[in-house]
Amino acid sequence: MEGVIYTGIPSAEELAGCPGVPSEARMKRGRVACIECVQEIPCNPCEGICKFGAITVGEQITNLPCLNEEKCTGCGLCVANCPGLAITILDQSYSETEATIDFPFEYLPLPEAGDRVEAVSRSGETVCQGRILRVTKLPAYAGTAVIRMAVPQEYIDTVRSMKRLPRGQKKGSATK
Ligand code: SF4
Ligand code: SF4
């Protein structure tokens, strides 16, 4: 059985029909939110946090959030404010060879900029090596850090997070 109800991971079919997923053309133009929220649950903080009106849930609170990719500036505010950890920021314009992903991360220890880590898929399987570019942790984000990581362009549709670092590992001691 596939799909978010059975596995907790959205299937390719669910993602293809998801109104929060941006087009490839938009990702190639620069940073944009990718909202992989495919379950009709009563939730809408993403809509309220976006100052640019790029996310619409609407009056029916169980509607799936709909992204207006032209209004999205890629500011990233919605990433740490989604309780479902369903939002990332993707950027395929980063370089010829690398794309970037900003993802929410709630485990300690946190990596540091410059670290090389294992980039993982939606199901937590290692996909490739990722390079940490930035770690943002603001009081407003509560316990959620937002990590920016560069990965080879060909893996940007597959990578959604990084493997947890071993407990007790010193900050910044992942492979450089
Ligand atoms: S990245 Fe910024 S502009 Fe885009 S949907 Fe999220 S909050 Fe709105
Ligand atoms: S805040 Fe997150 S889980 Fe809630 S509707 Fe928005 S994208 Fe979905």
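What the table shows:
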read-out: Checking Ala12 against (1) modelled with pLDDT under 95; (2) in contact with a Lys or Arg (Cβ under 9 Å, 6 or more places away or on another chain); (3) not assigned by TED's automatic domain parsing to the domain that holds Val135, the condition it does not meet; value: (2)
read-out: Residue check, Arg131 basic (Lys, Arg) and either under 21 Å from Cys37 (Cβ atoms) or in a loop (DSSP other than H, G, I, E, B) (or both); value: no
read-out: Wholly within the range 1-113, helices (runs of 4 or more DSSP H) carrying at least 3 residues that are surrounded by 14 or more Cβ atoms within 10 Å (Cβ to Cβ); value: 24-29, 45-49, 77-80
read-out: Candidates Leu108, Leu165, Leu138, filtered to the one that is closer than 25 Å to Cys50 by Cβ and not aromatic (Phe, Trp, Tyr); value: Leu138
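The values are calculated or read from the model by the stated rules, or taken from the named source; none is laboratory data. Given the structure is predicted, the values throughout are model-derived calculations rather than measurements. Reconstructed Cβ throughout: ideal geometry from the backbone, glycine too, with neighbour counts over all protein chains shown.
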